[in-house]
Amino acid sequence: MKAKVIVMPKQSVLDPQGVAVRDAMHHHGLPQVKSVRIGKFMEIEVEGADEAKLHEICRDLLSNPVIEDYRLELQ
Amino acid sequence: MKAAVIRFPGSNCDQDCFIALSEVLGVETHYVWHKETSLDAFDLIVLPGGFSYGDYLRCGAIARFSPVMQSVVDAAKQGKAVLGICNGFQILCEAHLLPGTLVRNQSLHFICEHRRLRVENIDTPWTCATWTGTLLNIPIAHGEGCYVADDATLLELNAHRQILLRYTDENGAATAAANPNGSAQNIAGICNRARNVFGLMPHPERACDPRLGSTDGKVIFESILATLGARKAA
């Protein structure tokens with residue numbers, strides 16, 4: 001089984017990396033870019049783990065709920 | 001009195017802490033490797049700065065699951081003194097021993113320079129040897145020291161006087177210009193409600209010897225050692 005985890009900074013948290021990348025995109029001739037937010041994408045290969053446990057790991061290790069939201073997709 | 005300096009793979013301020021505690025303050029200090037599981041022998045537990053596990057995932061996120069951390073959590077819950085400096089502060093936040101967390105500096109720069117810190121509350125074991133409003137000259141050295149917490153947490157930190165240090169200018173004003181990393185409310189260091197766990201981004205251990213430009217960091221260690229000494233004598 002493959003699990004995909006996407007971790008993104010919460011909307012309420014300033015993402016200075018995203019701001020810097022947006023500014024660079026402006027300098028590269030794309031002034032239309034309004035905002036960029038940078039997160040993490042993780043691909044996990046796992047056999048026989050239950051979904052509840054994966055969610056627990058997403059909350060406790062792969063993301064920090066104070067600043068980030070996550071999305072777990074199982075394939 | 002015994003102090004432990006925990007070593008994680010990637011800790012790099014462990015020796016500075018060891019020397020500050022043992023040579024400057026004269027405390028029996030031991031290194032404790034992160035695979036150890038008992039901290040019973042120690043009165044003061046220090047999580048030093050560095051880049052534990054290469055800051056992979058998030059600063060402190062993996063160190064938090066090191067074997068020794070269960071003992072740190074247990075010790076903190078028993079009321080033992082736990083100090084987290086820089087990466088140590090990040091680990092304490094990840095371990096939920098302190099609220100909030102630390103994210104990338106707003107400027108995106110790694111900042112290594114001396115800063116003025118205002119002591120906000122002396123009614124704690126970590127600041128009792130100084131005065132409220134005292135300005136300390138202590139260096140910071142971090143890329144991820146921007147303190148973030150939700151509004152409810154910030155209200156609670158203020159209500160319970162858990163903010164012990166704020167970044168200020170030379171006159172002691174906590175202005176936006178004096179905030180090196182974008183931390184909420186210029187926060188440089190906080191303690192838990194019980195006051196026995198303290199985390200700060202600045203490096204008091206690098207300000208304990210006049211050859212390093214300042215001895216203002218000593219007061220943090222003197223405070224906790226005086227507190228622990230008084231407890232032992234009682």
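Once backbone amide H atoms are built at 1.01 Å from N, B:ALA95 has no partners under 5 Å, excluding neighbours fewer than 5 places away on the same chain. Compared with the alpha-carbon gap, the fully stretched path from B:ALA233 to B:HIS109 is longer by 40.0 nm at 0.36 nm per residue. Only Cα sites of region B:127-183 enter the Debye sum here, all with the same form factor; the resulting log10 I(q)/I(0) across q = 0.16, 0.23, 0.26, 0.30 1/Å is -0.61, -1.19, -1.31, -1.30, listed in q order. Projecting the Cα atoms of B:LEU164, B:ASN87, B:THR153 onto the dipole axis of region B:82-206, where Lys and Arg carry +1 and Asp and Glu carry -1 at the beta carbon, places B:LEU164 farthest toward the positive end. The Cβ shell under 12 Å around B:GLU120 holds other residues with a net charge of +2, Lys and Arg each +1, Asp and Glu each -1. Straight-line cross-link reach from B:LYS35 at under 30 Å between alpha-carbon atoms covers these lysines, not counting any fewer than eight positions away in the same chain: A:LYS40, A:LYS53, B:LYS2, B:LYS77, B:LYS80, B:LYS218, B:LYS232. Peptides B:186-193, B:128-135, B:12-19, ordered by how many other C-beta atoms sit within 10 Å of their residues on average, highest first, read B:186-193, B:12-19, B:128-135. With a simple spin-label model that places each label point 7 Å from the Cα along the Cα-to-Cβ direction, the separation between A:GLN17 and B:ASN158 comes to 3.1 nm.
Just the protein heavy atoms count here, and of the accessible area of the protein assembly as shown at 1.4 Å, carbon and sulfur take up 52 percent. Across peptide A:11-17, the mean count of Cβ atoms from other chains lying within 10 Å of each residue's own Cβ comes to 4.
With K and R counted +1 and D and E -1, the other residues having a Cβ less than 10 Å from that of B:ARG7 yield a net charge of -1. Bridges between two residues of the protein assembly as shown, per DSSP, are antiparallel at a rate of about 70%. Take the Cβ atoms of A:SER35 and B:MET1, set R0 to 45 Å, and the FRET efficiency comes out at 0.25. Applying 0.36 nm per residue to the separation of B:GLU28 and B:TYR56 and subtracting their alpha-carbon distance, the gain on full extension is 6.8 nm.
Rounded to the nearest 20 debye, the dipole size of region A:2-74 about its Cα centre is 420 debye, using +1 on the Cβ of Lys and Arg and -1 on the Cβ of Asp and Glu.
The values are calculated or read from the model by the stated rules, or taken from the named source; none is laboratory data. Treat the numbers as computed from the prediction; the structure is a model and nothing was measured. With ideal geometry, Cβ positions are generated from the backbone for all residues, glycine too; neighbour counts draw on all protein chains shown. Please note that ligands, DNA and RNA were not included when accessible areas were found on the heavy atoms of the full protein model with its side chains. Shrake-Rupley method; radii C 1.70, N 1.55, O 1.52, S 1.80 Å.
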